[in-house]
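All remarks here apply to the structure that follows.
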Amino acid sequence: MLDFLYGAAQGVAGNFITRLIDALWPNLPDQQLPEYSEQIHREQVAPAEARRLFQTFHIKSGLEAVLNATIDPVVHIVLEDQPTTFYHLAVLVVESRVTGEWYVSSKGELSFEGSGGGILVAEKVASMCANRRIPMAGWVCSRGHSDSLAQGEVLWPQVRPELIPLVAYAGNETFVKYIVSRFKEVAA
């Protein structure tokens, strides 16, 4: 019963305050709102964030399952042309040469720079591919394409025409000397 009385008192107080504000506040003319149309709505709404089109996998926990599920796979390692961090981060793509299906890893789990976890993951991937006789190919693309691919916002067939073979890449001298030689060493 007390809850009902308390709720009623809140309603009366809210009504009183609303009428008081209406009495004290100058009346502004109502603005004419344009009639809603799909065209006006599309023009006024800011472009939506890029949407995720597919899920990516983690190399450490998902690569073996992806390789097992892919018929006659080839492993593509796609390096960004400009470093996101101190290193040029990589995206791994597993593609079937029979069906054309493809799977993309998260970005930055492997690298060909440094001496830590990224290079160890690259060595493990290379070893796994060698043991299964799966070819590996190294590529370079823009950081924007690499980011979009790793975030599932652009499809692999859309990025593929933009790729430059890693060994033929004419980037800065350090990239060519260090990363290409590490890739050759790891992938051998």
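The values are calculated or read from the model by the stated rules, or taken from the named source; none is laboratory data. The structure presented is a predicted model; accordingly, all values stated were derived computationally and were not measured. All Cβ positions, glycine included, derive from the backbone under ideal geometry; neighbour counts span all protein chains shown.
Restricting the search to the stretch 110-156, which residues are over 14 Å from HIS88 (Cβ atoms) and in contact with a strand residue (DSSP E or B) (Cβ under 8 Å, 6 or more places away or on another chain)?
VAL125, ALA126, CYS129, ILE134, PRO135, MET136, ALA137, LEU149, GLY152, TRP156
Anything in the stretch 88-132 that is under 14 Å from TRP156 (Cβ atoms), surrounded by 18 or more Cβ atoms within 10 Å (Cβ to Cβ) and not acidic (Asp, Glu)? List them, or say none.
The answer is VAL91, LEU92, VAL93, VAL94, TRP102, TYR103, VAL104, SER105, LYS107.
Let me confirm something: among ARG132, ARG160, which residue is under 29 Å from LEU53 (Cβ atoms), of a type in the set (Lys, Arg) and without any contact (Cβ under 8 Å) to a residue 12 or more places away in the chain? It would help to see each step written out before you state the result.
On the way: ARG132 fails: without any contact (Cβ under 8 Å) to a residue 12 or more places away in the chain.
The unique qualifying residue is ARG160.
Which ones in the stretch 126-150 are hydrophobic (A, V, I, L, M, F, W, C), more than 16 Å from ALA187 (Cα to Cα) and over 12 Å from the mean Cα position of the chain (by Cα)? Can you show your working first?
To start, the set of residues in the stretch 126-150 that are hydrophobic (A, V, I, L, M, F, W, C) comprises 126, 128-130, 134, 136-137, 139-141, 149-150.
Add one more test, that the residue is more than 16 Å from ALA187 (Cα to Cα), and what stays is 141, 149-150.
Hit for the stretch 126-150 is CYS141, nothing else.
Given ARG132, ARG143, which one is assigned by TED's automatic domain parsing to the domain that holds VAL75, at pLDDT 90 or above and in contact with a helix residue (DSSP H, G or I) (Cβ under 8 Å, 6 or more places away or on another chain)? Can you show your working first?
Values: ARG143 fails: in contact with a helix residue (DSSP H, G or I) (Cβ under 8 Å, 6 or more places away or on another chain).
When all the criteria are applied, what remains is ARG132.
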